[in-house]
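Following: one structure in structure tokens, then a few remarks.
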Amino acid sequence: MYIRDDTIAAIATPIGEGGISVVRISGKDAIFLADKGFRGKLQLRDAKSHTAHFGIFESQKSEPIDQVVTTIFIQPNSYTGENIVEISCHGGMYITQKILEELFKYGARPAEPGEFTFRAFANGKIDLTQAEAVADIIHSQSESALKVSLNQLQGNLSTTISNLREQLIQFCGLLELELDFSEEDIEFVSREKMILKLKEILTSLTKLIETYKSGIIYKEGAKIVLVGLPNVGKSSIFNILLGENRAIVTNIPGTTRDKIEENITIDGILFRIVDTAGLRDSDDFLELESFKKTNAEIQNADIIVFVTDQEKAIDNVNKEIIDHLPPNKTIIKVRNKIDLIQQGFRQPIEDHDKSYINISAFTGENIPLLKKAISEKIFSHKKIDFNNAIIVTNSRQNKCLNDANIVIQSVLEQLNLRMSNEFLAAELRTAINILAEITGEITTNEIINNIFSKFCVGK
Ligand SMILES: Nc1nc2c(ncn2[C@@H]2O[C@H](COP(=O)(O)OP(=O)(O)OP(=O)(O)O)[C@@H](O)[C@H]2O)c(=O)[nH]1
Ligand SMILES: [Mg+2]
């Protein structure tokens, strides 16, 4: 994608029938082109910015297509920084497409995916982190993901990065200045002060890098995997957490064969919950294939919910499964079917392990407790203030932060070794450029295409 100043048009609302649809036009001729089809009380070229106008939209042959409301944004005060007209028509696919086609006849060009947002970036309305935030907002599936992206759209990450970059530019400038005075052996900045400041910058970078681990969970959801022996109630727990009868539940051990995955939100955080086949000794081929899948899910889990039937909690087979779970994973242990004791169908088993949560997928007892344990475990290190926290959620940004971190670490080592200014300044420039890549002040066509091609047409 490259910078062009022609006028583009696209449908900005989803394809299909709805209350209204919006056709968006951006470019220097946007208002002029919209005026060719619009018949209202006034001509759009005479309208003020940020005003809405009711009228009829006509074809080139002066046939009315629909009653519309046009909204005018005059450059530079618009999403793209160019003249924008948004035509809201009745939400039918035929009408919307027809208005768009007429606009093409009047001289607009079909917009490429993400081209409106690309223009906003190219015209300095937003930087790359904000463009990425726009995509994330559209795709967000939970309240926390939305808040984190909104925060990024407001430019908080960019500001932090720019501040760090600014400090590096200052140091680099001073080092280069010293080079001009190299014969006089002047130090414009003490090396001790520089080391101290660079360490501070490293700390800030490290903090941002650390947020990525939570950031990716906010954005894509943490994976909860239900594991245990057959028939202990994994699918029943899956269904009750989901709030619908998605997985088949029977009293036949080995009911679940293939893993089932669904999204749920707990405390505004997205989770991907996976029901798996019960683990047991078997030589049945199908079952062995199921176990392979269960094991793969265990490896990918952020949280493992180990389920046991209250009656079997102290069985050796149970212990064997627990011992084989990866030790680096967060495990929540639950004893299911406690209703059977309460109703007098079973005698309680002598079991002193307090690390279990006692639940009943049947009556729903203590399911809120299980949910609470899940949401607490996932961010056990700290509670994040979604409204203000700067959280990195994007692998591209994370890679740049890591790269900058490595370069600055090496600058610090070289400072200690009293390396030459030329060398230090060159390294600092590299770090400065890497940080500029995050916000897009320095970028390549490949990065741009990669980011904007993920948008839909009309955004
Ligand atoms: N009384 C009682 N019965 C339960 C409870 N949870 C599940 N069950 C019953 O236990 C049986 C097995 O439940 P499932 O949810 O299919 O168990 P599973 O662990 O998914 O079993 P597999 O898919 O075979 O591994 C069914 O008959 C359920 O109705 C519970 O909390 N209380
Ligand atoms: Mg099951």
Report, as a whole number in µm² per second, the diffusion coefficient that Stokes-Einstein gives for region 13-81 at 25 °C and 0.890 mPa s using the Kirkwood radius over alpha carbon pairs. 191 µm²/s
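Treating the beta-carbon of each Lys and Arg as +1 and of each Asp and Glu as -1, no other charges, what is the dipole magnitude of region 127-272 about its Cα centre, to the nearest 20 debye?
Details: 15 positive and 21 negative charges, 272 e Å.
Once rounded to the nearest 20, the dipole reads 1300 debye.
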In whole angstrom, and with the biggest value first, how far do the Cα coordinates of region 288-338 range along each principal axis? 29, 25, 18
Per-q log10 I(q)/I(0), region 81-227, q = 0.09, 0.12 Å⁻¹ (Debye; single scatterer per alpha-carbon; no solvent): -0.55, -0.79
For region 223-378, percent of DSSP beta bridges that are antiparallel (nearest 5) comes out at 25 percent
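If the limit is 21 Å between Cα atoms, which of K125/K459; K105/K454; K147/K234; K333/K377 go over it? Walk me through the numbers on the way to the answer.
Working: K125/K459 14 Å; K105/K454 28 Å; K147/K234 32 Å; K333/K377 12 Å.
Violating the 21 Å limit, Cα to Cα: K105/K454; K147/K234.
Given +1 on the Cβ of Lys and Arg, -1 on the Cβ of Asp and Glu, and no further charges, what dipole in debye does region 14-136 carry about its Cα centre, rounded to the nearest 20? It would help to have the intermediate numbers written out before the result.
Working: 13 positive and 16 negative charges, 93 e Å.
Roughly 440 debye, rounded to the nearest 20.
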Neighbour net charge for E261 - beta-carbon separation under 9 angstrom, K R +1, D E -1: 0
Could you list, bin by bin from short to long, the percent of Cα-Cα pairs of region 8-126 in 10 Å steps? 15, 49, 31, 4
Could you grab the relative contact order for region 8-126? Cα pairs under 8 Å, six or more apart, rounded to a whole percent. 31 percent
Computed over region 295-452, the distribution of all Cα-Cα distances in 5 Å bins, rounded to whole %, is 2, 7, 11, 11, 11, 9, 8, 8, 7, 7, 7, 5, 4, 2, 1, 0, 0
What are the residues whose amide H is under 5 Å from the amide H of V305, where those residues sit 5 or more places off or on another chain and H is modelled from the backbone? V225, L226, V227, I332
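What is the antiparallel percent of DSSP beta bridges lying wholly in region 8-126, to the nearest 5?
Values: 27 of 29 bridges.
So the antiparallel bridges in region 8-126 amount to around 95 percent.
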Distances over 34 Å make up what percent of all Cα-Cα pairs in the chain? 55 percent
Any idea what the relative contact order of the chain is, in percent, if you count C-alpha pairs under 8 Å spaced at least 6 apart? 18 percent
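Normalised by the number of residues in region 100-250, what is the relative contact order in percent for Cα pairs under 8 Å and 6+ residues apart? Show your work: numbers first, answer last.
Details: 66 pairs, mean separation 22.0, N = 151.
About 15 percent, as a whole number.
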Which loop trypsin sites (Lys or Arg not before Pro) in region 183-262, with loop taken from DSSP, have no more than 11 other Cβ atoms within 10 angstrom of their Cβ? none
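Please express the shape of region 223-378 as an equivalent ellipsoid: the semi-axes are the square roots of 5 times the eigenvalues of the C-alpha gyration tensor, given largest first in whole angstrom.
Values: eigenvalues 84, 76, 51 Å².
Semi-axes (√(5λ), whole Å): 21, 19, 16.
Could you give the length gained by full extension between T363 and L174, i.e. 0.36 nm per residue of separation minus their alpha carbon distance, to one decimal place? Could you put the intermediate results ahead of the total?
Values: separation 189, 0.36 × 189 = 68.04 nm, distance 7.01 nm.
Gain on extension, T363 to L174, equals 61.0 nm.
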In region 321-401, the trypsin sites (Lys or Arg not before Pro) that fall in loop regions by DSSP, at most 15 other Cβ within 10 Å: K329, R346, K354, K382, K383
So if we plug the beta-carbon distance of H352 and E210 into 1/(1 + (r/R0)^6) with R0 = 41 Å, what FRET efficiency do we get, rounded to 0.05? 0.60
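Among DSSP bridges having both ends in the chain, what percentage is antiparallel? Round to the nearest 5. Don't jump to the answer; show the numbers that get you there.
Working: 34 of 56 bridges.
Roughly 60 percent of the beta bridges in the chain run antiparallel, per DSSP.
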I need two numbers for region 240-313: Rg to one decimal and Dmax as a whole number, Cα atoms only, in Å. 13.3, 42
What's the magnitude of the charge dipole for the chain around its Cα centre, counting Lys and Arg as +1 and Asp and Glu as -1 at the beta-carbon? Answer in Debye, nearest 20. 1140 debye
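Expected output is a single nm value to one decimal: the length gained when fully extending between N263 and D283, i.e. 0.36 nm times separation in residues minus the C-alpha distance. What is it? Don't skip to the end; give the middle numbers.
Details: separation 20, 0.36 × 20 = 7.20 nm, distance 3.25 nm.
Stretched out fully, the N263 to D283 stretch lengthens by 4.0 nm.
Which percent of the Cα-Cα distances in region 349-435 go past 14 Å?
Numbers: 2920 of 3741 pairs.
The calculated P(r) of region 349-435 puts 78 percent of pairs beyond 14 Å.
Bear in mind these aren't lab numbers, they're just calculated from the coordinates by the rules spelled out. As the structure is a computational prediction, the values presented were derived from the model and not from experiment. Neighbour counts are summed over all protein chains in view; Cβ atoms, including those assigned to glycine, are modelled from backbone coordinates with ideal geometry.
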